[in-house]
Structures are given as structure tokens and as C-alpha cells.
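The structure appears below as C-alpha cells.
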Amino acid sequence: MTVSTPFAHEDIQLIRAYSPDIIQQTWTNNRVEWGPSLDEETYYARERILASQEFTRDNKLQVWILVPKTFDSANPQLDLILSAVETFERPGIVASKDQGLKDVLSISVASVFTPAPYRGRGYASLMMKLLWKEIGNMKDVSFSFLYSDVGPTFYGRLGWTPKRSEEIVIPTAHIIPMQDSGSAAVGGDRSGERKSMTVEKVTDTNLSELIAADAEQVRTLLKAQIETASPSKVFIVVTPEPTCVLWLHARARFAARHILKLEQYQITEWGAKQGKSFVLWFHDLFKDQLFIIRWYLDPSDGDETARALIEAAQTEARNWRLSKVVIWNPDQSLADLLRLEIKYRDSAIPSLGLVNSTLETDNVEWVHNEKYSWC
């Protein structure tokens, strides 16, 4: 790529990309970062499949490009795409004592990428400033969020404030200790062995029903939280929905079959449940981990249920020869049960901004700040 004299910021604009050729060029540019081991056609095929899912169809996925004002979309000079970004429309809820629960739209931001020849000129910062203005003009959008891999500062000064960024890494070989290892087992069995609780598999047959119930319990939680919160406190949540889970599994299936070319590529189990408690997961095959994307332990359930759900995740990870299970922003009670440490995560830092609001971000709590929002 040959780069001419840098463009002045006042001569640059942010526009929507509609042309397949322009969108494919953004994939060509960012492949060096997110698919360096893939040939172009395989990378394009993956991106086309992901863009065709229910999660991304019907204008829910939008591609934006930063280009000179002279850029002609009908006859584009593709090497003048200075930077690019994608946005996803997601359902959300904003809750406060004064206004109750309000169903809103949110915009997640992803795939921020500037080609190497155009870096160091403030183009990415300019693009994100212009994008923030575009988001502010979108109808019914109340908040926006992203996951930063460049630390908390860059996006923090552009409207997206970093939030809690912690995780527990659970090796698949990790044995979850019993709370009272010295007590006799039920029925007088002193062998030291215990029978695991039987859990139900989550598959395509019960996923939608489970997530619908989860969305209702999220509302119940929010109603309880605003009752005891100060009037200035605002809670937001990215509403659980099955389409984002299906999008993640389309990503994993493509990796298993077309990239890693595994004989075993049919992913059929998407989680486990016991009563109202459940865990949903995503096979991150490239990074050798099973991600817990959504975790819910019903208040009436205790350690035995939590242990059974984590063990189900460990079993699934072992079945796919993955070495660890990862959960984002867990409760301390889960860390205590596992006897593992909650650690700070310095990548994929959740960052949140309220749109058209003067409220201090310290007064905003992101409820269920988990991996399912990342997709």
C-alpha cells in the first residue's frame, strides 16, 4: 500500500459501507490482526457466514469506514480506507428508581482497525469521535459498549468508560474441593468419593426457552436492585437473547470444521442446567479454552449445583481437548468454592458509555457484565 501525504482531519469523514467490495476490503485489512494464519478465502468465508446470522442480519451489523471526503463509494479507491469499525445493534435495559425499567437499544462496537501505513496520525481517535456522534443520533439507543485490547485510556477519553475486568481461569484438571472434606459422605460412604449431581444438557431444543426465562429473571433482579438504590444510580444490562449465542457457536463450528479441520466438529452441547440454574459456554478453539458466556445460580441453589455446573463445563472442555475454562467477572462466592483466585484482565476490557446523558459513569452499574455481551 502506497500512502500519499497525510490527510488533514477536516478533510476526512466517517461513512457507512454498503458495497460488498468495500466491506471485503476491511476484512483484507484486518486479517493481518485477526486471521494471520488463514488464507484470504477462508477468512472471507468465515466473515460472510458470521454476517449472515440472525444476530447480524437485517441491518443489525453495520460497517463504518473513515475515508477522505473525496472518496467515491460507487468507484472506490480501496487503499484509501484509513480506518474501519463495526457496530452491532443489541437489545438492552436501563433501570433506575425514578424511571423504572426501560427497554432500549444499545450499540456494541467491534473490529476497530487502522492499517499500518495510516497509524500514528490520530485517525482511529477521529473515527471513534465521529462514531460516537453517529451513535448519539441513532433512534432509541441509550448506551454503547466495547471491549478494549489497548488498555483503559484510549476509549475512556472518547466516551467509553472502563468497567470491571476480572476472570477466573479453571484448569480442566482442577478438582473442586468439597467444603467439608472431613465429614462422612451421605449414607455412610467413607471412600472419599462422591457422586456428581446429574445436570441437563443445553442444546438447540431448549436454548430459546432457557434464555427467555433468563431475560425474565434479569428483570426481576433489576427491579429488586432499584428498590434499594439511590435515585442517581442507574443499572444497565445487555438483554440475554439466543441469537448472540447461536452466532458464537457458528463461529466455533466454522473454526472446527474449516480452519482446524477436526474430524469432530459438530458442537451440540451449549451448556448445562439444573432447575433454574445454568451455564452457557463457547468453544474458543484457537485460544485453547472453553468460555463461560453466561452463568446463573438460582438463590435457592447452593454449592452442590454450582460445582455440578462447573464440572459439566470442565467435562465439555476435556471432550474438545481444551485445557481451561474461563469465566468473566465472577462472584467471590464462586472463587471461594473453586479455591481459585479472581485475577484482573488487561485485555478485552469492558467499556461503557451512556448516550446523550450527563450522568457520571461512576453511577452506572453494568449488570451481568459477562462474555455473552462480547459477541
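The values are calculated or read from the model by the stated rules, or taken from the named source; none is laboratory data. Just so it is clear, the model here is predicted, and its values are computed rather than measured. Cβ atoms come from the backbone with ideal geometry, glycine included; neighbour counts cover every protein chain shown. Heads up: the accessible areas ignore ligands, DNA and RNA and are worked out on the full protein's heavy atoms, side chains in. Shrake-Rupley method; radii C 1.70, N 1.55, O 1.52, S 1.80 Å.
Among the residues making up region 230-243, those that are over 27 Å from GLU47 (Cα atoms) and surrounded by fewer than 23 Cβ atoms within 10 Å (Cβ to Cβ) are SER230, PRO231, SER232, LYS233, PHE235. Among the residues of region 249-276, those that are within 17 Å of the chain's Cα centre (by Cα) and of a type in the set (A, V, I, L, M) comprise ALA250, ALA252.
Of note, PRO171 satisfies the criterion of being open to solvent by 20 Å² or more (accessible area, probe 1.4 Å), on the phi < 0 side of the Ramachandran plot and touching a residue at least 12 places away in the same chain (Cβ under 8 Å).
Quick check on region 23-42. Is at least one of its residues among the β-branched types (Val, Ile, Thr), in contact with a helix residue (DSSP H, G or I) (Cβ under 9 Å, 6 or more places away or on another chain) and within 19 Å of LEU248 (Cα to Cα)? Looking through region 23-42, at least one residue is among the β-branched types (Val, Ile, Thr), in contact with a helix residue (DSSP H, G or I) (Cβ under 9 Å, 6 or more places away or on another chain) and within 19 Å of LEU248 (Cα to Cα). The number of residues in region 52-103 being more than 30 Å from PRO117 (Cα to Cα), over 18 Å from the mean Cα position of the chain (by Cα) and either buried (at least 17 other Cβ atoms within 10 Å of the Cβ) or of a type in the set (A, V, I, L, M) (or both) comes to 4. Out of the residues in region 281-290 that are under 18 Å from LEU338 (Cβ atoms) and open to solvent by less than 10 Å² (accessible area, probe 1.4 Å), which is nearest to the chain's Cα centre (by Cα)? Once the filter is applied, the top-ranked residue is TRP281. Scan region 322-362 for residues that are more than 19 Å from the chain's Cα centre (by Cα) and open to solvent by 60 Å² or more (accessible area, probe 1.4 Å) and the total you get is 9.
Does any residue of region 55-66 turn out to be at pLDDT 95 or above, within 30 Å of VAL237 (Cα to Cα), touching an Asp or Glu at 6+ places or on another chain (Cβ under 6 Å) and in a strand (DSSP E or B)? There is at least one residue in region 55-66 that is at pLDDT 95 or above, within 30 Å of VAL237 (Cα to Cα), touching an Asp or Glu at 6+ places or on another chain (Cβ under 6 Å) and in a strand (DSSP E or B). Is it the case that region 299-312 has a residue that's in contact (Cβ under 8 Å) with a residue 60 or more places away in the chain and of a type in the set (Lys, Arg)? Checked against the condition, which is being in contact (Cβ under 8 Å) with a residue 60 or more places away in the chain and of a type in the set (Lys, Arg), region 299-312 yields at least one hit.
Taken over region 67-98, the residue count meeting the criterion of being assigned to a loop (DSSP other than H, G, I, E, B) and among the aromatic types (Phe, Trp, Tyr) is 1. Looking across region 99-136, the residues that are of a type in the set (Lys, Arg) and part of a loop (DSSP other than H, G, I, E, B) come down to ARG119, ARG121. Filtered by the rule that a residue be of a type in the set (A, V, I, L, M, F, W, C) and loosely packed, with under 15 Cβ neighbours inside 10 Å, region 2-45 gives VAL3, ALA8, VAL32, TRP34.
Of the candidates ILE12, ILE65, the single residue that is in contact with a Pro (Cβ under 8 Å, 6 or more places away or on another chain) and either of a type in the set (Gly, Ala, Ser) or on the phi < 0 side of the Ramachandran plot (or both) is ILE12.
Cβ-Cβ distances below 9 Å connect the following pairs, each with a first residue in region 242-266 that is under 17 Å from THR205 (Cβ atoms), a second residue that is among the charged types (D, E, K, R) and part of a helix (DSSP H, G or I), and a separation of six or more residues or different chains: GLN266/ARG253; GLN266/ARG257. When LEU222, LEU246 are checked against the criterion of being in a helix (DSSP H, G or I), within 20 Å of the chain's Cα centre (by Cα) and crowded, with 16+ Cβ neighbours inside 10 Å, a single residue qualifies: LEU246.
As a summary of the residue check, LYS201 satisfies the conditions (1) open to solvent by 50 Å² or more (accessible area, probe 1.4 Å); (2) modelled with pLDDT under 95 except for the one numbered (2).
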